[in-house]
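Input: a single structure, listed below in structure tokens.
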Amino acid sequence: MCGIVGYIGKRDTQSVLIEGLKKLEYRGYDSAGIAVYTPEGLKITKSIGRLANLESKLESAPLVGSAGIGHTRWATHGKPSDVNSHPHTDRTQKFSVVHNGIVENYLELKDELISQGYTFVSETDTEVISHLVAREYDGDIVKAVQKAISHMRGAFALGVLTEYEPNKLVAVRQASPLIIGIGEGENFIGSDIPALLNYTRKVYILNDGEMAVLTPDSVELMTIEGNFISREMINVDWDEVTAEKGGFDHFMLKEIHEQPKAYRDTMRGRIDETGRKVIMPELKLTPEQIRNIRNIHVVACGTAYHAGLVGGSVIEQLVRIPVAFDVASEYRYRSPLITPETLVIVVSQSGETADTLAALREAQANGAHVLAITNVVGSSIARDANDVIATLAGPEIAVASTKAYTSQLIAFYLFALYLAEVRGTQSEAEIAHIIAAMQALPEQVESMLANTDSIKAYAEQISKHPNLFFIGRGLDYAVAQEGSLKLKEISYIHSEAYAAGELKHGTLALIEEGVPVIALVTQEAVMEKTVSNIKEVKARGGDVMALTYEEHVADMLKSVDQAFAIPKTLPMLAPAISVVPLQLLAYYASLALGHDVDKPRNLAKSVTVE
Ligand code: M6R
């Protein structure tokens, strides 16, 4: 996820771009840059690090001109650096491009362009676009952009400027957001509404497969095939704070709703066109190394650890390699048995968690290959790991992790399928079957998010209780742990997660009349056993709510007080669905209790101390 702005008109272009980027820094902030059409031609300034670094470069050499594009980056292809920052240009330096998204076939396109004599200076997929536009240019920038994107697959929002036609700014949207702001004698583009609110409240929202051509006095909207379209102009009445949260009351709620997109983005480019195979071109781990793996350690903290519990179990199930799980703060101190045939998977949203980083170093010192699953490509963990699978969830602002957790699950599923294929532990048909079910997940989560009233009502009900329990078996137990952490973290209600069958070994003593118990019942192989455990709770007066599939709700209601239906999926994928109502439960309980949802007490987003 990156932020794009663009401007054409009579104001000081540089400051419009910088002010817009400030509002988009939440989308990524590992580097930033702007390109401005100046009297001396197209000029680009960019810098690694926060926007302030770019601002100080521009202080000594401002870019003065009448049109420009800007970008704040959240690295996906290529580490954060000056050269990988946007805008990118072509060899003639007459074209300039900012991009949000991923060009899936960029390696293919890059090879083709290199064979035609184009040279690349960055590691990004975006540079391919600037060369393509330059190659296709024949006196008409709109046609050149259309031809360029006809070669591209993937997700992209683009801003394109050329010195040859300085009176035009071209914008494209294909599966990455982009809006057009309308002014008097000036027009704007932006990844999001907050970037434009200082200047205009009139916007057009582009749909996928659409583009816009802006001059200071006009905006033409068309499909990427060039068919003109008309669109109703929207008048935005959000205040600025609401706008930054995309219209949601809190970042956490926004991030819960961003999960379908995070699933799609994390899968994008990692499933081949036939849908029968996972591809992981980013991995250095060779097939031979994969075949030699003797054991796997999954190490992480908090929510990332909970994602690891699910992911490691799925690997064990599909690939039949023994997996051990550790919270990172314990790992070094138990003298784990690490050999060069051990694969250590560290999981971290921020990539900066001190305990996880220390565990990574311990593993490497003992000769292990370390694979990091992280959301921040330029982070310490990403830099130090031997291999990285990036989760493409976009920056997570709320302290309570939601979309990072679920995109970590997706990364694990993909990696497990990749290992299963290389080691031949699952048939091609079985892998294709799981991939198809994964591809259905985003829509299934969207359908759940469309109606959250009953979970909200239940959250209000449980917010009056001081204690509650989450129970489940197998992967349901792993999700129960995440549900319990989420609730504690932001509602401050005490809760415990228990393996359903373990309750009777002591904790059942705490169940008395009216104690809420949330039972996850998605693992059909152990469903009957979970129902028996639910009955043990009911017999002691517990008030049980079950999360299960629609087809089991009627039966379940014979044993529980309430049941919520979730969309049906494969047992191993159920956590990517069942966790969502638990996130909402925590959110609405916190809200009912009047707490600061996004910034809970005593906690920090990134824990950089051991
Ligand atoms: O950045 P990381 O994923 O390494 O952070 C690990 C934990 O601190 C984090 O997941 C924490 O548990 C969450 N804030 C919980 O929502």
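The values are calculated or read from the model by the stated rules, or taken from the named source; none is laboratory data. Everything numeric in this text was worked out from a predicted model, so none of it was measured. Note that we place each Cβ from the backbone using ideal geometry, even for glycine, and neighbour counts take in every protein chain shown.
The figures follow:
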| quantity | calculated |
| --- | --- |
| Scan of the range 599-609 for residues that are out of contact with any Leu (no Cβ under 9 Å at 6 or more places or on another chain) and either among the aromatic types (Phe, Trp, Tyr) or at negative phi (or both), ordered by number | Lys599, Pro600, Arg601, Leu603, Ala604, Lys605, Ser606, Val607, Val609 |
| Members of the range 391-400 that are surrounded by fewer than 24 Cβ atoms within 10 Å (Cβ to Cβ) and either in contact with a Gly (Cβ under 9 Å, 6 or more places away or on another chain) or within 15 Å of Ala262 (Cβ to Cβ) (or both) | Gly394, Pro395, Ile397, Ala398 |
| Any hit, the range 340-358, residues being more than 30 Å from Val103 (Cα to Cα), at pLDDT 95 or above and among the hydroxyl-bearing types (Ser, Thr, Tyr) | yes |
| Residue within the range 52-61 that is buried (at least 20 other Cβ atoms within 10 Å of the Cβ) and touching a residue at least 60 places away in the same chain (Cβ under 8 Å) present | no |
| Top-ranked residue in the range 295-324 [being among the small types (Gly, Ala, Ser) and crowded, with 20+ Cβ neighbours inside 10 Å; ranked as nearest to the ligand (Cβ to nearest atom)] | Gly302 |
| In the range 488-545, the residues that are in contact with a Pro (Cβ under 7 Å, 6 or more places away or on another chain), part of a helix (DSSP H, G or I) and farther than 18 Å from Ile566 by Cβ | Glu489, Ile490 |
| Any hit, the range 275-294, residues being away from the ligand (no atom under 16 Å from the Cβ), at positive phi and surrounded by 17 or more Cβ atoms within 10 Å (Cβ to Cβ) | no |
| Of all residues making up the range 374-403, the number that are within 12 Å of the ligand (Cβ to nearest atom) and farther than 17 Å from Ala358 by Cα | 13 |
| Residue in the range 15-47 that is nearest to Ala393 (Cα to Cα), counting only those that are in contact with a Pro (Cβ under 6 Å, 6 or more places away or on another chain) and modelled with pLDDT of 95 or more | Gly33 |
| For Gly351: the one exception among (1) touching a helix residue (DSSP H, G or I) at 6+ places or on another chain (Cβ under 6 Å); (2) of a type in the set (Gly, Ala, Ser); (3) away from the ligand (no atom under 16 Å from the Cβ) | (3) |
| Verdict on Lys538 being surrounded by 15 or more Cβ atoms within 10 Å (Cβ to Cβ), outside the structural domain of Thr402 (by TED's automatic domain parsing) and under 25 Å from Glu255 (Cα atoms) | no |
| In the range 267-299, the residues that are of a type in the set (S, T, N, Q) and not in a loop (DSSP other than H, G, I, E, B) | Gln289, Asn292, Asn295 |
| Pairs where the first residue, in the range 315-332, is farther than 30 Å from Ser427 by Cα and the second is among the polar types (S, T, N, Q), C-beta under 8 Å, 6+ apart | Ala328/Thr353; Ala328/Thr356 |
| Test result for Phe251, touching a strand residue (DSSP E or B) at 6+ places or on another chain (Cβ under 9 Å) and surrounded by 15 or more Cβ atoms within 10 Å (Cβ to Cβ) | no |
| In the range 568-590, the residues that are in contact with a Leu (Cβ under 9 Å, 6 or more places away or on another chain) and surrounded by fewer than 21 Cβ atoms within 10 Å (Cβ to Cβ) | Thr569, Pro571 |
| The range 404-439: number of residues that are more than 30 Å from Val597 (Cβ to Cβ) and either of a type outside the set (D, E, K, R) or within 16 Å of the ligand (Cβ to nearest atom) (or both) | 21 |
| Number of the condition not met by Thr406 [criteria: (1) within 20 Å of Ile321 (Cα to Cα); (2) buried (at least 23 other Cβ atoms within 10 Å of the Cβ); (3) within 21 Å of the chain's Cα centre (by Cα)] | (1) |
| Conditions (1) in a strand (DSSP E or B); (2) touching a Pro at 6+ places or on another chain (Cβ under 7 Å); number of the one not met by Tyr263 | (1) |
| Residue check for Leu309: hydrophobic (A, V, I, L, M, F, W, C) and at pLDDT 95 or above | yes |
| Some residue of the range 325-346 being near the ligand (Cβ under 9 Å from one of its atoms) and surrounded by fewer than 24 Cβ atoms within 10 Å (Cβ to Cβ) | no |
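Residue by residue, here is whether (1) more than 15 Å from the ligand (Cβ to nearest atom); (2) basic (Lys, Arg); (3) touching a residue at least 40 places away in the same chain (Cβ under 8 Å) holds:
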| position | (1), (2), (3) |
| --- | --- |
| Ser463 | yes, no, yes |
| Asn467 | yes, no, yes |
| Ser491 | no, no, yes |
| Ala499 | yes, no, no |
| Leu508 | yes, no, no |
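Residues checked against (1) touching a strand residue (DSSP E or B) at 6+ places or on another chain (Cβ under 7 Å); (2) surrounded by fewer than 17 Cβ atoms within 10 Å (Cβ to Cβ); (3) not assigned by TED's automatic domain parsing to the domain that holds Leu392:
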| residue | (1), (2), (3) |
| --- | --- |
| Ser96 | yes, no, yes |
| Glu104 | yes, no, yes |
| Ser122 | yes, no, yes |
| Ser130 | yes, no, yes |
| Arg135 | no, no, yes |
| Asp140 | no, yes, yes |
| Gln146 | no, no, yes |
